[in-house]
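Right, one structure below, let's go through it.
The values are calculated or read from the model by the stated rules, or taken from the named source; none is laboratory data. Keep in mind the model is a prediction, meaning the values are calculated, not measured. In this analysis, Cβ positions are derived from the backbone assuming ideal geometry, glycine residues included, and neighbour counts consider all displayed protein chains. Please note that ligands, DNA and RNA were not included when accessible areas were found on the heavy atoms of the full protein model with its side chains. Shrake-Rupley method; radii C 1.70, N 1.55, O 1.52, S 1.80 Å.
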Amino acid sequence: MTRLLIVGPPGAGKGTQAARITSGYGVPDISTGDIFRANIKNETPLGVQVKAIIDSGDYVSDELTNALVKSRLEEDDALDGFLLDGYPRTLEQVQYLDELLAGKGQALDAVIQLVADQDEVVARLRKRAIEQGRTDDTEDAIRHRQEVYARETSPLIAVYRDRGLLIEVDGLGEIDDVAGRIADALAERGIAANESSVESA
Ligand code: ADP
């Protein structure tokens, strides 16, 4: 049973590493950004409600986001562990998650912080804008997302560090190298990957 968070600025490679962790540790990757994007694509009421906010690079309200995560964590695949990717992103979300997990008698095992410098992440997002055409990867939205991250989300790092949960991982370099650093840091905490995936981790 492994309960993990992955945090880092937009463009740090959370989604890429989350995909590795999910196969390596047998936990579902719960990405609030992916869930919002799927809703937008399918034009659900939630998608219609959040599209303009997300395109501008602002955060969706804590109320909507918390409710979304609460119901997602009730699904069968998340009962025995999860990787939350892109949540919590505000101090209010941290508090909500604390209470939600405490109510289930659960606790987090570790928080993976992907560290990457601003110039590098902006360059990556520009590239992704061309490759994937994400509607929040415009120049203005990219800049705005960095500012919102610095203001709203970077304070979370200290909270988890104080709790002794934080694992800082250098997010620069080859995808496999970063994945290896994460696996090593988790192993140091006694969190082991599935046997079948040890090679790739
Ligand atoms: P990135 O890692 O590039 O910031 P994500 O896919 O994690 O991208 O998120 C995309 C957008 O979805 C965010 O800019 C924000 O508008 C919205 N979003 C995702 N997670 C949250 C959250 N926990 N709270 C509020 N808004 C969120």
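Compactness check for the stretch 2-52: Cα Rg over 2.2 N^0.38 Å is 1.31.
Sparse packing (at most 12 other Cβ atoms within 10 Å of the Cβ) combined with a DSSP loop state is found for the following trypsin sites (Lys or Arg not before Pro) in the stretch 79-126: 104. Excluding same-chain neighbours fewer than eight residues apart, the lysines reachable from residue 104 by a Cα-Cα span under 24 Å are 70. Note on residue 23: accessible area approximately 80 square angstrom, rounded to 10, probe 1.4 Å, nucleic acids and ligands left out. Here, the stretch 14-145 yields an orientationally averaged convex hull projection of 8.5 nm² when only Cα atoms define the hull. Under 19 Å of direct C-alpha separation, and excluding same-chain neighbours fewer than eight residues apart, residue 51 reaches these lysines: 41.
Qualifying GluC sites (Glu not before Pro) in the stretch 124-201, where qualification requires a DSSP coil assignment and no more than 12 other C-beta atoms within 10 Å, comprise 174, 199. For the chain, averaging the sequence separation of C-alpha pairs within contact (under 8 Å, six or more residues apart) and dividing by the residue count gives a relative contact order of 33 percent. Its Cα centre serving as origin, the stretch 34-78 has a Cβ charge dipole (Lys and Arg +1, Asp and Glu -1) of approximately 180 debye. Sorting 138, 22 by accessible area puts them as 138, 22; the probe is 1.4 Å, largest comes first, and only protein heavy atoms count.
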